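One structure is given below, encoded as C-alpha cells.
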Amino acid sequence: MAKSIYVRNLRKEDLTAIVDIEDRATGVARRAYWEARIDISEAIRPHWASLVAEADNRVVGFVFGRAGELEFGLPGTIAWIEIIGVDPAYRRQGIAAKLIEEFTSSAEDHGIKKILTLVSKSSTEMEHFFTRLGFAQGQMIHFQKDLKS
C-alpha cells in the first residue's frame, strides 16, 4: 500500500528534519547552512516555492525553489528548482515527484510558464528523474571558472 504523502509550505520548524535528511543522505549535517537557507526562503522567496513532504507524521523530503524575473536574459518570470532532497529510507516512493508536481502547480497558478533547474552531467539518476517529469535539456549553457585556492 502506498504511503500517504502530504506536501506543505516549508516552515522554520522544519530545520532539524532537513538537516537530518541531508545527514542521512550525504553524511554531512550543515545546520548553519540550512538555517540561513530557510531564513532566505522566508524573506525573499514566494511562499509556494519552498516545500516539504510529510509521510508517517514526519518530514521526509524538501524542495527549495524561487521565482525571478528577466534573469540571464530570459523573458518573463521563471521558477527555479534549486535543491531537492528525500530521506534515503523514503526514496523511490514518489515523494520527489510529488514535491515537483506541487511546485509546478503553484508556479502555474502564479502565471509562470517556465521552470529551470541545473543537474550535474555525472548525475544520470537526476537527469532521468527530471526527464520522466517532462523536463528537457534547455538552451542555456553553464560556464564556470575554477579559482586558485
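No lab work stands behind these numbers, since they all come straight from the coordinates. Keep in mind that what you see is a predicted model, and the values were worked out from it rather than measured. Cβ: placed from backbone, ideal geometry, glycine included. Neighbour counts: every protein chain shown.
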Summing -39500 (n - 2.57) over the DSSP H runs of n ≥ 4 in the chain and dividing by its residue number, what mean residue ellipticity at 222 nm do you reach, to the nearest 500 deg cm²/dmol?
-10500 deg cm²/dmol
How high is the relative contact order of the chain, given as a whole-number percent (alpha carbon pairs under 8 Å, six or more residues apart)?
20
Treat each spin label as a single point 7 Å out from the Cα along the C-beta direction, and report the Lys145 to Thr16 distance in nm.
4.4
Could you work out how far apart the two model spin labels at Glu42 and Gln137 are, taking each label as a point 7 Å from the Cα in the direction of the beta carbon, and quote it in nm?
4.1
Of the residues Arg132, Arg31, Arg91, which exhibits the maximal mean-square fluctuation in a Gaussian network model of the chain defined by a 10 Å Cα contact cut-off?
Arg132
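Please give me the summed charge of the neighbours of Leu133: other residues whose Cβ is under 15 Å from its Cβ, Lys and Arg +1, Asp and Glu -1.
Once positives and negatives cancel, what remains is -1.
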How far apart, in nm, are two points set 7 Å out from the Cα along the Cα-to-Cβ line at Arg8 and at Leu74?
3.0
Tally Lys/Arg at +1 and Asp/Glu at -1 over every other residue whose Cβ is under 11 Å from the Cβ of Ile5; what's the total?
-1
What number does the chain give for Rg over Rh if you use C-alpha atoms and the Kirkwood radius?
0.96
